[in-house]
Every structure is written in structure tokens, then in C-alpha cells.
1. Round to the nearest 0.05 the FRET efficiency obtained for Ala121 and Leu240 when R0 = 30 Å and r is the Cβ-Cβ distance.
2. Ignoring ligands, DNA and RNA, what accessible area per residue does region 44-238 give at 1.4 Å, in Å²?
3. Can you sort Val151, Val50 by solvent-accessible area, 1.4 Å probe, largest first?
4. For region 44-238, give the percent of accessible area contributed by carbon and sulfur heavy atoms, probe 1.4 Å, rounded to a whole number.
5. Quote to one decimal, in nm, the extra length available between Leu186 and Asp158 on full extension: 0.36 nm per residue of separation minus the C-alpha distance between them.
6. Using a Cα distance threshold of under 25 Å, what count of lysine pairs results for region 44-238 when pairs must be 8 or more residues apart or interchain?
7. Report the local net charge at His132: Lys and Arg +1, Asp and Glu -1, summed over other residues whose C-beta lies under 14 Å from its C-beta.
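The values are calculated or read from the model by the stated rules, or taken from the named source; none is laboratory data. Quick caveat, the model's predicted, so the values are computed rather than measured. Please note: Cβ atoms are built from the backbone with ideal geometry, for glycine as well, and neighbour counts cover all protein chains shown. SASA here: full protein model, heavy atoms, side chains in, ligands and nucleic acids out. Shrake-Rupley method; radii C 1.70, N 1.55, O 1.52, S 1.80 Å.
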Amino acid sequence: MSQGVWGKLGGAGIGLAAGGPLGALIGAVAGHFLLDREGSLFGPTPREVVFTTGLVALAAKMAKSDGVVTPSEVAAFADIVQVPEGERAGVERLFDLAKRTTSGFEGYASQVAEAFRDEPALLEDVLDGLFHIAKADGAIHESEARYLAAVAEIFGVDEARFAAITARHVRVADDPYEVLGVDRSLAGPELKARYRALVSENHPDRAIARGLPPAAVAIATRRLAAINAAYDRIAAERHLS
């Protein structure tokens, strides 16, 4: 995470520009008393701030649903959301405020869903990030699984896509075909074409070219690794070149 992202959190008007529960959260961290309003005199909220603040808030609510935050989950969070040392206290305050607020996770999830309704790939990035944090202690607990499914539903992610996202993180059936979201009867050439399309869609360079925040790029890197591992396994089993 760049220094600039966290600097914007304390900038004038960012909370007002965001509005809704995320705006209130940003404003509380920045030390402002904010009214929830739509629109802004300060221009649009940078989407990297909405993305990253949304991810932090939803991760905090997930931690609350599980009842405990383990050191491994903290480390996993740091893998994705890279925070300069001088900004760490502010991010920890953001996480703690989101966890303690009486607002439910639904408000945060709905605001993120609305912000990126035209970019469903970014919503999958948020889910991938939450999965990465949830599995860090070696298992995704039942409360976390329910939480992730509920967030996915608010995001408008259908069951098939959610199953593919889940398979990238949890080897329930140990099925690489599910990771790729393809039927195991798919012929070799079609399978290879699907794999290449997934690599193109999920390559970190594409995320960088689209101007996505560093957290999204980190998530894309891990997602591509899961896709590559699944295809390599299928290729070895099928003896594909």
C-alpha cells in the first residue's frame, strides 16, 4: 500500500466524499465529525481509498464474527495491505473502529458493491483478500464461511463463481477443475484456451495497467498462482504439453 493511499484517508473531505458507513469510518479516523451525505464539494473519492477502506472494514467485521484475531491473520492482512510504518497506527485504529462499530458488515459490503458495480473483478478481489486472511490460521471456520458467503451475495457473486473463488483457497474436494471453474469433461484444447484466458484476466500486470490499488495487485498475484497451480496439476494428470 502506498504512502499516498493512507495520506488520503486523513485528507480534507475524503470522508464526506465517500459518504455512507465507509465515509463515517474514514471521518472518525481522520478526527472529523461527519454528516452522511451523498455527493461532495471535494470531488470523487479515489477508488483506491474506497477499495482499501472497504477491505479493512470487512476484514475487521470478519474478525469479529470469528471472535478472535490470530497473529497469522494479522500477518496475512499485512501481506495484502502494505502499510508504511508511520501510518500503521492509523490503520490499526481504522480496523479497531470498524470492528467495534455497531454498524453491521452489510452496510460496508453494500457500499463497496455499489462503488464497483461496473467492475465485478474488483469485488472478487475483495473476496479473495478476505479468504486469504480467513485461511491464515490453517482453517476457515464456520462463522467465517457464513460471513464470506453473505458478503458474496451482497456483491452479486453467483454460486458458481463463489464456488470457484472458494476452491482457490479451500481444498474441500481437492478439485483443480473447480479452481478454474471448468467441467472436467472439457477437451484439452478448450481447457488450455480457458486457462490462457484466466491468466490474461487475472495477471497482476493488467491490474497495474488499470490503475488498481496495490492491495488489488497483491491479491491478483496470489490468485494467478492458484490458477497456475491448478492447471499444472491437470496438465500433469492428463499429460498435456
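1. Values: r = 27 Å, r/R0 = 0.90.
Approximately 0.65, to the nearest 0.05.
2. On the way: 9010 Å² over 195 residues.
Here the residues of region 44-238 average 46 Å² of exposed surface.
3. Working: Val151 0, Val50 20 Å².
Ranked from most to least accessible, the order is Val50, Val151.
4. Working: 4830 of 9010 Å².
Reported share for carbon and sulfur atoms: 54 percent.
5. Values: separation 28, 0.36 × 28 = 10.08 nm, distance 2.16 nm.
Difference between extended and current length: 7.9 nm.
6. Working: Lys61/Lys99; Lys61/Lys135; Lys64/Lys99; Lys64/Lys135; Lys99/Lys135.
Qualifying lysine pairs in region 44-238: 5.
7. Details: positive: Lys135, Arg168, Arg222, Arg223; negative: Glu73, Asp79, Glu124, Asp125, Asp128, Asp137, Glu144.
Net charge around His132: -3.
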